[in-house]
Amino acid sequence: IIALIALAVAITIIYFVFLPKLPQYEVSSLRVSNLGINLDLSLSALFKVEIIARNPNKKIGIYYEKGGRLQVWYTKTKLCEGPIPKFYQGHRNVTRLNVDLTGRVEFGNTVLSALQQQQQTGRVPLDLKVDAPVSVKLGKLKLKKVRILGNCKLVVDSLSTNNRINIKASDCKFRLKL
């Protein structure tokens, strides 16, 4: 029980010294380079996503480790995914990440038809899912790996290829998984 009390005191001290805050993320742009039907009737997708990552912490750096993934979903169908680059984000830093996402979906005609109908309304709902393994640096001390999990509910005006896509609405929620 003394060990638990000592651990609780240590965690409390670390908390008040470093005042940790979750990083903030924003989808700043989305481009569709390819969204079309293949000969086997599957749907190919190639998206480019730019994310702005803000580390608001004064004394905490973040190591984004290998193995992070970004995915774009339409309803219950994963359209594409890609790796989040490995990098270190220092304290009070803003980093722009450009991620290429690729995918292939079976029954592409059905999905593409649904997407085209949704585009006619000018409001296409997409889910952007994030799974990023990170290590936190407190001063000189690098802590064990944890995961940042996120889901951004986006509404875009269209998914037309090689045109600017307007993000009409974005609601992102992130959490830490130990």
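We did not get these values from a lab; they are worked out from the coordinates using the rules stated. All values derive from a computational prediction rather than experimental measurement. Note that we place each Cβ from the backbone using ideal geometry, even for glycine, and neighbour counts take in every protein chain shown.
Taking N as the number of residues in the range 1-92, what value does Rg over Cα atoms divided by 2.2 N^0.38 Å take? Walk me through the numbers on the way to the answer.
Working: Rg = 20.2 Å, N = 92, 2.2 N^0.38 = 12.3 Å.
Cα Rg divided by the expected 2.2 N^0.38 Å: 1.65.
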The chain: antiparallel DSSP beta bridges as a percent of all, rounded to 5: 100 percent
Cross-link table LYS58/LYS173; LYS58/LYS145; LYS58/LYS177; LYS78/LYS142, entries beyond 30 Å C-alpha to C-alpha: LYS78/LYS142
Low-density loop positions, trypsin sites (Lys or Arg not before Pro), the range 73-163 - DSSP coil, at most 10 other Cβ in 10 Å: LYS76, LYS140
Option label - mean projected area of the Cα convex hull in nm² computed here, alternatives (i) 10.2; (ii) 12.0; (iii) 9.1: (ii)
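Just to confirm the filter: which chymotrypsin sites (Phe, Trp or Tyr not before Pro) across the range 20-108 are DSSP coil and have at most 15 other Cβ within 10 angstrom of their Cβ?
Of the chymotrypsin sites (Phe, Trp or Tyr not before Pro), the ones in loops of the range 20-108 whose Cβ has at most 15 other Cβ atoms within 10 Å are PHE107.
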CD proxy at 222 nm, helix term only [per DSSP H run n ≥ 4: -39500 (n - 2.57); per residue of the chain; nearest 500]: -5500 deg cm²/dmol
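Shape verdict for the range 82-129, please, from the Cα gyration tensor: rounded (a/c under 1.5), prolate (a/b greater than b/c) or oblate. Please report the intermediate quantities before stating the final value.
Numbers: a/c = 4.99, a/b = 2.15, b/c = 2.32.
Here the range 82-129 falls in the oblate category.
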Shape call, the range 82-178: gyration tensor on alpha carbons, a/c limit 1.5: prolate
